Ligand SMILES: [Zn+2]
Ligand SMILES: [Zn+2]
């Protein structure tokens, strides 16, 4: 039996193009059949039949399918059984495997605020975004991010959930180090932004292409990045230029605090009249064909969609330039948006707050971000009385929960816990001045010593 490629050697170019397309279509049909048959195995076969604890374990043991891929096949099969519209599109080869899976995951865990009757409309909008050869995963994820924005989901999307982050750095038997990890979109954006600078191909002087593979170039870039970081390890203390991030967001969206917006929507109405004209009324969202015009999400160059809430958080600190777009998507003046915490201000903040100012934290100043108490997008100034030093975890906490911070009479930060932590919302001084108060990152009080 010879190499398969021999079969095609005699074909004309035109025939080759047709062959590749026809084979791809056939593979899509076979893939749909495999998903269906594995779903039936999952439904019917037990350990007695195949000898494994799970269908996933069985499939990855008797075929060359990896455990991860086997798990996705089982997951998609189960999802398609629940959502026939997605199954129809997938079986017909209109949408790709990974897009079908993303849509099924959305259906299985829809945004909290989404009424059940809105699901068919959402599925139709997502299928439209995933339809055909030109559909891209970023496009489908953007459509999902827009739906999540419409339904005001209070959940953090999986892409921005830092609790799922993990990084394994392990020594291998031959003395090397293997790296494996899974990080949120913002961390990913920083990593890709930093790496892209150092992993670009370097053609030789005579124009010869850089022979290194992309993975080799990324590894070289990582080495260069680390050596620079270690050489200038104290940079963070002075607030040197960190890798620069860009976030694109509509001006109207950035100036709107998601929590205020959420509170406004969930507040009981003054009268019982319904307002069908309210664009946020879920009952009015059955027609989602105009998804392209929906705003309420931001965009990052490498990772794609981000929630506006995260864009506001990123925009707090100097290391991000928010490129604000007007109603028509044209960039507004960047000057207005470029609010840098100067080196001198950062030093003064480190001196005043002594690291993360959150009660009980005190993380080292080099790892902290400057939080604007009143966001600059809402007109807050970039000066000491409007800035607090916070570590990444507590910065997120301030942006995503009802924790509040102000500058007290002595010009030091004072924190107000949410009612879930302190029923009377008794104010707590910042880390420097808090006596024995500690709060976990979910906001619960860990222990309290009488002052
Ligand atoms: Zn902030
Ligand atoms: Zn902290």
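Read-outs throughout are calculated quantities, based only on the coordinates presented, and are distinct from any laboratory measurement. From a predicted model like this one, the values you see are computed outputs, not experimental measurements. Cβ coordinates were reconstructed from backbone atoms using ideal geometry, including for glycine residues, and neighbour counts include every protein chain displayed.
At a glance:
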quantity: Gyration tensor (alpha-carbon) shape descriptor, segment 160-225, a/c threshold 1.5; calculated: oblate
quantity: Residue 85 versus residue 229: modelled label distance in nm, points set 7 Å from Cα along the beta carbon direction; calculated: 4.5
quantity: Reciprocal of mean inverse Cα separation for segment 343-447 (Kirkwood radius, Å); calculated: 13.6
quantity: Global form of segment 12-156, assessed from the alpha-carbon gyration tensor, a/c cut-off 1.5; calculated: oblate
quantity: Residue order, fewest to most surrounding Cβ atoms within 10 angstrom, among 313, 390; calculated: 313, 390
quantity: Residue 92/residue 205 FRET efficiency (R0 56 Å; Cβ-Cβ; nearest 0.05); calculated: 0.60
quantity: Stokes-Einstein diffusion coefficient of segment 78-217, Kirkwood radius over Cα pairs, 37 °C, 0.692 mPa s, in µm²/s; calculated: 180
quantity: Estimated FRET transfer efficiency (residue 124, residue 164; beta-carbon r; R0 25 Å; 0.05); calculated: 0.25
quantity: Sequence of 400, 364, 55 once ranked by neighbouring C-beta atoms within 10 Å, starting from the fewest; calculated: 364, 400, 55
quantity: Residues residue 410 and residue 23, FRET efficiency given R0 of 51 Å [Cβ-Cβ distance, rounded to 0.05]; calculated: 0.10
quantity: Residues 422, 24, 13, sorted so that the one with the fewest Cβ neighbours within 10 Å comes first; calculated: 13, 24, 422
quantity: Whole-number D in µm²/s for segment 54-112 (Stokes-Einstein; Kirkwood sum over Cα pairs; 25 °C, 0.890 mPa s); calculated: 204
